[in-house]
1. Note down the Stokes-Einstein diffusion coefficient of region 117-158 in µm²/s, whole number, using a Kirkwood radius over alpha carbon pairs, 20 °C, and 1.002 mPa s.
2. Let me check against my output: what whole-number percent is the relative contact order of region 134-285, with C-alpha pairs under 8 Å and at least 6 apart?
3. Spin-label point model (7 Å from Cα, Cβ direction): what's the GLU180 to SER122 distance in nm?
4. So, R0 is 45 Å and r is the distance between the beta-carbons of THR206 and ALA106; what FRET efficiency does that work out to, to 0.05?
5. If the viscosity is 0.692 mPa s and the temperature 37 °C, what translational diffusion coefficient in µm²/s does Stokes-Einstein give for region 129-233 when Rh comes from Kirkwood over Cα pairs?
Amino acid sequence: MIRGRLSLGRLWPLAAAVRPFASPVEPRRQFRAGRSRQRDFYQGFEKEMDLFRQRLKAALPGTDWNPWGISKDLPPEWADVVIVGGGIIGWSIAFWLKMREPHRNALRVVVVERDLQYTKASTVLSVGGIRQQFSLPENIRMSRFSAEFLRTVNDYLGVFNEPPIDIQFNPSGYLFLATEEGAAVLEENVQIQRMEGAEVSLLSPTQLKKTFPWVNTDGVALASYGLENEGWFDPWTLLNALRNKAMSMGVFQSVGEVTSFQCRSNEMVTADGEIVDFPRIMVANVPKLPTDIVMW
Ligand SMILES: Cc1cc2nc3c(=O)[nH]c(=O)nc-3n(C[C@H](O)[C@H](O)[C@H](O)COP(=O)(O)OP(=O)(O)OC[C@H]3O[C@@H](n4cnc5c(N)ncnc54)[C@H](O)[C@@H]3O)c2cc1C
């Protein structure tokens, strides 16, 4: 965390410095389902239809068969996994669950998102920076996998008959600076990063000045600079692509706010007070949901 003036007494990234215009990322591409007025109309209509279907189904007791189909925007009548929050993590979980299902439609996954405009979601507020320079091998491995995933994003997330995904990746290394005090830790971290296969260079103050003449090297004893798999991309595009792909694989999206789980009765209650029944509930990715309302 950086408070007030930057202190060189610890390691800190200069990512913003090596990307000259780190402007806030504007949403560039709308979700395909984002034709809001038309969508609102259909959502309202579908909701009415869903209630109608539920009433009809209730009038047909003694069978689990649902002859009325499933609404795309409302929760299906049952699910194996409910994911609360359709940010990058929620849709990523949904995608990977579907990737690992033994056969198509083996797993019914529902992602519940309360705000399709994502006004406060971290995903679209973020700059979408990716780096390899961590101190834990696990983090470095995850980040190396992420870099490979982004590089081949169309292999993972491409959808038949749809335009290729361009996540607008801008390669640019992160630059970490250390004082005399932090130099040993920085060097040790770089050794771990290199052991994990990351390409990171160590720079003396002289080399640093030569490479980045605009950096004030006063008090800097050592620097590290990422040579590959670092940079930034458009998180909105990635979120959209993950969502689009997951839905093409059969994941359901439900619009609404989950306020509680009543697992003893296997019911999910939406913000509208609507009760949805599930045979099993596994709660995944519950962003900021107060733990006292999650009952097991
Ligand atoms: C300013 C900023 C910059 C960042 N920069 C980077 C970066 O450069 N690189 C990087 O790797 N990470 C960065 N991050 C972190 C990264 O953005 C987050 O770790 C990541 O986006 C978290 O994703 P998420 O899906 O968990 O959360 P979110 O994107 O916040 O998604 C959570 C979703 O859950 C929904 N939700 C919440 N409660 C409920 C409920 N009860 N019912 C239904 N829906 C609900 C919300 O509406 C929201 O859409 C940054 C974060 C911020 C804020």
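1. Details: Rh = 12.0 Å.
Roughly 179 µm²/s, to the nearest whole number.
2. Values: 186 pairs, mean separation 36.0, N = 152.
Relative contact order of region 134-285: 24 percent.
3. Going by the 7 Å Cα→Cβ label model, 3.8 nm.
4. 0.15
5. Roughly 219 µm²/s, to the nearest whole number.
Since every read-out is calculated from the coordinates, none of them should be taken as a lab result. Being a predicted model, the structure only gives us computed values, none of them experimental. Neighbour counts run over all protein chains shown; Cβ positions are idealised from the backbone, glycine included.
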